[in-house]
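See below for the structure under consideration.
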Amino acid sequence: MRSQDPVSGQAPAFDPCFEPVMALVRGGQLESVHRAAIAVVDSRGELLGGVGDPLTTIHLRSAAKPFQALAVVESGAADAFHITSEELAIMCGSHAGESVHVQIVASLLERLGLGPEALACGVRLPLSPSACRGLEERREGPSVLHSNCSGKHAGMLAMALHLGAPVAGYWECDHPVQQQIARTIRGLLARGPGQPGRGWDVRARRSPGSLWGGVDGCGVPVVRLRLCEAAWLYASLAAGGTPELARVRDAVLARPDLVAGEELCDTKIMRAGKARVIAKIGAEGVQALAVPPTFQPDPGAEVSIGCLIKVEDGSNRPLPGLVGVFLRACDLAEAATVLEKAYPAVGRSADGRAVAENVVLLHEKDFRRRTPRFVAPEIDGEAPVIESEAHDVRVDVGRGNERDVTRFFREEWPLADEETFGRRLDWSAEPFALIVRRRKYVLGVLKGHFIGGVASIDEFVVGRRHRGRGLGSALLDRFEREALRRNCNRIVLRAVKDARAERFYGDRGYSRESIQFSYEFGFDYVKLTRKIADEPSSSGH
């Protein structure tokens, strides 16, 4: 039975594409665990390390802002409106709503001949606690300029004016502004080196709309990429391979206070790194990092490094600890120490006692591993059973829940459905169980699931001491009513041929659809089915 990813409306119970990265320990006992996928890529396209599946697709959220700002530069709008380095930095950032941030955005809008009402990002409280207190003391409410995305939106307005496009609707996917952003990001990915032999290729073909993953919280399209692609974009940003990329990079490194704020993590990371690291957070547990060409994984090979972290549950709590390990892996121990002091791992009670600790489960080597962990291990020491003459194709023995297998099914089943049915289908099976209990004892259980208008009975047993008392009929009646409620058109199940169970179902209107001769354990089985009427079939029993 197939299950789909969260797009179908049901998240998987366990996703092997993510691995444990941080644990909260209280009183010497495990209290909670955060899982994440991390990709570390250099500017040559080599996957240096990380955990989880680097091909996991994620929403970048605000981590896409430097590349949305890059489109402002590449479109010519930055030069046309004499956009300053400070203004470019605030376009790249999720600013805290401090007075300096508000003033820079207001000044840019004035130069564009627009007012704050042109911004579509909405009114939000400042991310800076001190800025919020200042508003309260002045008895003022927040404005749209306090939104952490107002800089990005101001840059998009500049693009709309420069492209001669309407200002209204600049947030729509088909607006020239968003189309320019899409061309910029796709163009950058197309220039990527790609490393098929190392497990990924940034130049993989994309459908025209596949870059967008819905709408971000500020109302514009959200960028959705594979983890390794996003990490490579940040490595390219740090490398400054084009004049436009270098301009964005230098603006961010020159004014880290405009990328976030004095009280926020990104600014603290970059200040601690002293212009040797770029940090950009995204909503729902996304953190991007980039180190310019100062870290040398190979003698004589000076490259830049990009890192993308996605915490599965969307929490930001693991990020400072994970960033600290990454900084140490990049020989930035001093910066890591500063960050660790700002975000101590030990939690304290109101009276100052140490009561809990955030324990990072990763090591420096995880961020610079030569053999990526996402490669599925051999099972029980079995060697590949088939290997091609070219030594690049093999069949491995596995359990089928490996992360690359999970990703394969997520990508390929919808395409197979389109070929077969002409459209994509939701194959998420919804489990359902009915249990009869007397006090603490279970007397009978019916387990099934519903999918695509079909109700399936998977397991159905009444305790041998309680048969013949109507429990089985009552459970079947209840399951049939539930199937009707869920708009199912038939019920299906399997039973041993000519056994007591087949007679039980036959009395209730179930008929043979097929016979499976000499099947499991050599027994003959029958597939039984019944079209659901307006009333349960056993209502007369």
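The values are calculated or read from the model by the stated rules, or taken from the named source; none is laboratory data. Keep in mind that this is a model prediction, so the values were computed, not measured. Positions of Cβ are generated from backbone atoms using ideal geometry, with glycine treated the same way; all protein chains shown enter the neighbour counts.
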What are the residue pairs meeting all of these: first residue in the stretch 490-509, first residue closer than 16 Å to V461 by Cα, second residue outside any strand (DSSP E or B) and of a type in the set (A, V, I, L, M, F, W, C), Cβ atoms under 6 Å, and 6 or more apart or on different chains? A495/A501; V496/F523
Checking the conditions here, which among D53, D5, D15, D42 is crowded, with 23+ Cβ neighbours inside 10 Å and at pLDDT below 90? D53
The residue that is nearest to D174 (Cα to Cα), considering only those in the stretch 219-240 that are touching a Ser or Thr at 6+ places or on another chain (Cβ under 7 Å) and not aliphatic (A, V, I, L, M), is R224
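Okay, residues lined up against (1) modelled with pLDDT of 95 or more; (2) assigned by TED's automatic domain parsing to the domain that holds W171; (3) crowded, with 24+ Cβ neighbours inside 10 Å:
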position: G241; (1), (2), (3): no, yes, no
position: R247; (1), (2), (3): yes, yes, no
position: D250; (1), (2), (3): yes, yes, no
position: L253; (1), (2), (3): yes, yes, no
position: I278; (1), (2), (3): yes, yes, yes
position: E284; (1), (2), (3): yes, yes, no
position: G300; (1), (2), (3): no, yes, no
position: I309; (1), (2), (3): yes, yes, yes
Within the set of pairs 6 or more residues apart or between chains, which connect a residue that is closer than 17 Å to D458 by Cβ inside the stretch 513-530 to a residue that is among the acidic types (D, E) and assigned to a loop (DSSP other than H, G, I, E, B) with Cβ atoms less than 8 Å apart? Q516/D524
Residue list for the stretch 427-460, filter: closer than 18 Å to N487 by Cα and either among the β-branched types (V, I, T) or touching a Gly at 6+ places or on another chain (Cβ under 7 Å) (or both): S428, F432, I451, V454, A455, S456, I457
So in the stretch 501-518, with the set limited to residues that are touching a Lys or Arg at 6+ places or on another chain (Cβ under 9 Å) and among the aromatic types (F, W, Y), which one is surrounded by the fewest Cβ atoms within 10 Å (Cβ to Cβ)? F517
Counting just the residues of the stretch 478-500 that are buried (at least 19 other Cβ atoms within 10 Å of the Cβ) and in a helix (DSSP H, G or I), which one comes out nearest to the chain's Cα centre (by Cα)? A483
If we keep only residues of the stretch 393-446 that are farther than 30 Å from E19 by Cβ and among the basic types (K, R), then the residue nearest to the chain's Cα centre (by Cα) is R423
Need the failing condition index for R394 against (1) of a type in the set (K, R); (2) loosely packed, with under 15 Cβ neighbours inside 10 Å; (3) modelled with pLDDT of 80 or more; (4) not assigned by TED's automatic domain parsing to the domain that holds K310, just the number. (3)
